[in-house]
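Remarks on the structure that follows.
Since every read-out is calculated from the coordinates, none of them should be taken as a lab result. Since this is a predicted model, take the numbers as computed values, not measurements. Heads up, the Cβs are rebuilt from the backbone with ideal geometry, glycines too, and the neighbour counts pull from every protein chain shown.
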Amino acid sequence: MILESRTALISQLGDSCQSETSDQTLLFEYLVTFWNDSPCLGASQCMLNKVILHVAAKYLESDMSDCPRQFLILGMKASVWCQKHLLVTLESSDELQDENHSSLFFQLILDSLSFSSTTISLLTRSPFRGDKAVMLIVENFVVELLSFTKTIILEIKKIHSIASEVLKVAQVVLDAAIKLCRAYSQATKWDCYEINVDRNEGSKDDKMMDYCSHIISITVCTIENLYELGIFAASGGSLASVLNVSWKGVVSLLQLGKGVLAEKIVVGNIILTLVSLAIESLKCASQALSATLQETLAISEAKRTFLPIKFYLINAVRISSEFPCEAINIHKEITRCVLLISSLGIYFSKDTHLRAASEALVEFLEPTSFLLLHTLLNSAEIKPESKFLIMDWLFKDEIESDSIDLENNVNTAAKSTSLDSLFTVDSDAIPRTKTLMLGRVIVFLYLLKTSTVLREEMVLGISRKLECLLNILMHEEVYSSILGLQIPVLCGFGANPGVVWQSMLSSVLHALKTFIIVSSSLDPAWMEVETFLYENLFHPHFLCVEIVTELWGFIMRHAETDMVNCILNRLFLFLKMIASSEPALTPNSALRKMSRSICVLLTYAPVAIVDHVSTSILSDNSTFLSSVIYLALLMEGFPLDSLSDNIKSLATQKIVTAFYGFMETNSSELALNISPGSCSSSLPGLPVYALSSALRCCHIKNSDLIDEKKTLKVLKFMLSVIHGYKSAIDAVKDHYARLLGMTLDIISNMKHLFGSDEFAKVILELHTIFASGSADADSFLYQCKPSLASFMAGLSHMEIAEGEGSALCSAIWELYHVLLRERHWAFIHLAIASFGYFAARTSCTQLWRFVPHDAALSYNTDTGNETNEDRFMSELKGFLEKEVALNEVTPSEEQLSLLDKEGITLKKLSKLLNTIPQVSGSETMEMNAESCVNKKKRKLPDGICEGMELLQSGLKVMRNALCQADSVGLRDEISTQISCLEDVISRLMVLSDNV
């Protein structure tokens with residue numbers, strides 16, 4: 001009865017009370033006094049409190065400036081009572097069964113939230129500064145209101161009958177609290193407060209200090225409640241509106257007086273939570289997309305799946321940009337998130353039906369994730385030392401390799417990186433693991449491409465990590481992706497950027513070229529870049545060499561003339577330091593590598609510079625050193641086509657004339673002064689090497705060679721070379737074999753010689769040395785077989801009389817048998833190409849006679865023991881039809897697996913070459929012929945000479961045995977090491993001759 005009486009009294013007071021202030025104040029004192037805090041949960045109590053709020057709300061809508069204390073106390077009482085009794089009600093099944101009570105109580109909850117939100121809105125429109133007591137009431141009101149709002153959202157599933165209405169009102173409350181904090185903060189002088197706090201002094205205006213502390217307390221409380229609600233709303237359900245309001249509120253409030261709030265709130269934890277939510281959502285989205293059975297996935301659907309992730313990342317970026325010093329403390333988790341997104345872009349690009357997901361990720365998520373990393377690396381508030389530590393941690397030089405047996409795992413490309421393995425990588429393990437290595441490459445490319453907007457210290461830091469990029473590219477999985485994959489790349493700027501697909505190699509080169517342009521204007525960074533390019537000209541991994549060479553070419557193409565001349569002068573200085581006669585003929589020698597690099601760079605240089613080099617270098621072969629350089633440059637493809645017409649004509653005429661002159665003097669009797677380590681004033685056979693090299697690079701046309709009176713003598717010269725090879729001692733047979741190969745190349749380009757009587761003699765003589773079956777032929781002539789394959793292909797242009805009694809036809813059969821029996825993969829390719837060209841154009845009808853029963857392509861690929869002629873014909877047919885095969889840009893898993901295996905082999909080879917001691921050019925050569933001639937001879941101890949002879953004999957035996965080996969993999973691995981040993985022994989022999 002008491003509750004009903006009070007309810008009626010409050011209703012009467014509300015209806016009869018006048019608008020005077022005294023009456024309003026008295027009324028609200030009654031309202032506060034009559035508010036029932038009793039633990040009784042009856043419907044009558046709910047009705048009383050509901051009437052109190054209803055009456056208070058009538059006056060609240062008009063004005064609360066004269067009695068704010070009573071409004072705030074009433075709102076606080078309502079929040080406390082509703083929160084307490086909500087928890088009790090949810091635990092009491094009896095109360096829930098009382099429909100009348102439940103209806104009244106739930107309506108009271110809505111009324112309480114509405115009343116409090118209106119109260120906050122009025123405080124926001126009319127900020128006031130009262131005494132400490134009033135400010136304390138305001139704080140308590142906000143604290144209890146936010147606590148109640150949080151509780152009711154956390155329990156939203158248990159009050160599903162009013163869930164939608166509660167969420168709407170709760171969202172209004174949260175938004176009002178955020179606006180209140182913002183309005184109070186904007187009306188406060190934070191600078192004065194921070195100065196007094198830093199000095200630890202009292203302020204002249206103590207009220208101002210109290211008011212600032214009051215606002216800080218309210219703001220911190222609001223942020224903490226919004227933060228907890230944001231985490232809860234991220235768990236799922238229909239709380240998108242709460243998720244949006246809570247996190248946006250956290251971000252906007254942290255931007256108010258950030259210097260003060262950073263001391264009260266652990267901002268790093270908030271950023272870490274957002275990043276963790278992004279990673280968890282990314283995992284769920286990736287699993288959902290990977291599990292889809294659709295053949296084609298729409299980009300719009302993929303973007304919709306990634307939308308929550310971008311929301312978390314955007315908010316993390318906003319907070320990190322305001323608090324970079326706090327964000328730097330969690331850089332490991334931030335970079336893990338960035339690496340995951342970049343790695344997933346590569347992962348999705350490997351699957352055809354997930355290409356849309358890859359495009360959406362690159363266009364929708366990657367820019368935001370990169371921006372998050374950018375806030376750390378480009379902030380003016382973070383010390384350069386801290387940025388360099390992040391770079392060192394993210395791009396570590398040495399990466400641990402996981403134990404994967406690629407030799408026994410055919411499907412390596414699919415198994416090396418799985419979706420689950422990406423997300424199981426701990427942030428502390430990132431520098432050591434290879435799982436996120438592809439993502440690391442993408443992040444590095446981003447830093448290179450955005451170096452235009454990075455600070456100078458970051459550009460310098462990136463320039464010091466270029467070597468690390470090459471080390472990563474050498475990894476087998478990265479290597480296979482660089483050569484085999486196309487990835488989506490975001491191109492263009494503005495409102496509508498587009499995504500294009502391009503090879504990873506193109507992306508790497510484009511990013512590096514961009515960085516070269518940026519670093520060229522910064523002296524410290526450019527010195528690092530230039531040193532990096534010089535040091536990696538001889539990188540043991542071919543992909544790294546190609547990349548470095550391409551970068552040098554870019555510089556040659558776009559740099560100023562003075563810089564180009566400076567670079568070429570340095571390179572030719574290096575070339576002169578390492579020039580010597582023996583390495584000039586060794587394909588992998590330092591001289592040949594340097595010459596190749598120079599020739600490639602000259603293809604990018606202006607015509608005037610190439611003309612100058614040709615005039616000063618190629619035109620001067622008067623000394624031993626100039627002859628060596630001349631030969632090395634021509635053998636590595638000096639770009640004659642890049643010369644001006646007049647200079648090119650003179651250079652071509654010189655090469656052809658020198659060859660014919662050398663041939664005429666040596667066509668009857670080959671009398672060359674060839675001996676290991678000789679210091680003759682010119683290289684033996686240089687004109688032959690020069691013409692052969694120019695023809696191989698297609699720099700000289702066949703029409704330039706035609707001279708009816710002279711070209712017929714080429715065949716006599718060829719016979720002289722063959723006879724010289726037969727009669728030569730072992731010490732110089734290698735030189736004759738090389739000269740033989742070069743001559744075969746020249747004749748292959750003289751189609752008008754095919755069919756002559758002398759030509760038939762040449763074929764018969766070649767048969768005597770190549771088809772003899774001796775170990776000597778396999779050892780010394782092994783290097784000539786590529787040239788022999790080219791020569792044999794040209795036989796399709798001559799008439800061949802078939803028949804059992806034809807010695808010429810029999811010789812051609814057996815020469816093709818020699819080529820097609822070779823089981824090295826490179827020789828197999830050359831042999832089948834030669835025979836395919838011959839078979840498609842020859843008039844011979846008995847083609848089966850050209851194929852031996854034990855041809856390499858006839859063997860079973862699994863065991864290598866069984867032969868089948870049908871298998872050879874199938875392989876030949878496939879080779880001939882390769883030009884009309886499907887031009888598929890997406891590699892298969894088998895192709896990626898093969899590239900993985902090739903990458904492992906190349907990495908092993910690179911490590912091996914790095915361990916071989918290199919002798920500097922200054923220790924192995926003399927700079928001119930005169931110093932070599934005048935060098936006083938001294939006899940070496942017998943033991944050293946005897947040891948070198950044993951080494952030579954041992955290498956010869958190993959070469960002969962290796963030629964008979966059936967295992968292609970074993971032959972490749974050992975042949976490389978033997979070549980390295982031969983190079984070292986050759987240098988030792990040169991030293992012995994100069995001692």
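Some values worked out for this structure:
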read-out	value
Segments 604-611, 321-328 sorted - mean Cβ within 10 Å per residue, highest first	321-328, 604-611
Selected from 769, 810, 878, residue furthest toward positive end of dipole (the stretch 754-885; charges at beta carbon)	878
Cross-link pairs beyond the 22 Å C-alpha cut-off, checked among 84/248; 350/901; 350/908; 434/907; 383/465; 150/248	84/248; 350/908
Cα-based Rg / Dmax (Å) for the stretch 754-885	14.5, 45
Sites residue 978 and residue 262, calculated FRET efficiency, Cβ-Cβ separation with R0 56 Å, nearest 0.05	0.25
Highest average packing first - 952-959, 329-336, 515-522, 154-161, Cβ atoms within 10 Å	329-336, 515-522, 952-959, 154-161
For peptides 760-771, 209-220, 360-371, sequence by mean Cβ density within 10 Å, most packed first	360-371, 209-220, 760-771
Alpha-carbon centroid distance for the pair the stretch 309-380 / the stretch 464-530, whole angstrom	18
Set 157/283; 179/264; 710/761; 332/396; 158/179; 648/716 screened for pairs whose C-alpha atoms are more than 22 Å apart	157/283; 158/179; 648/716
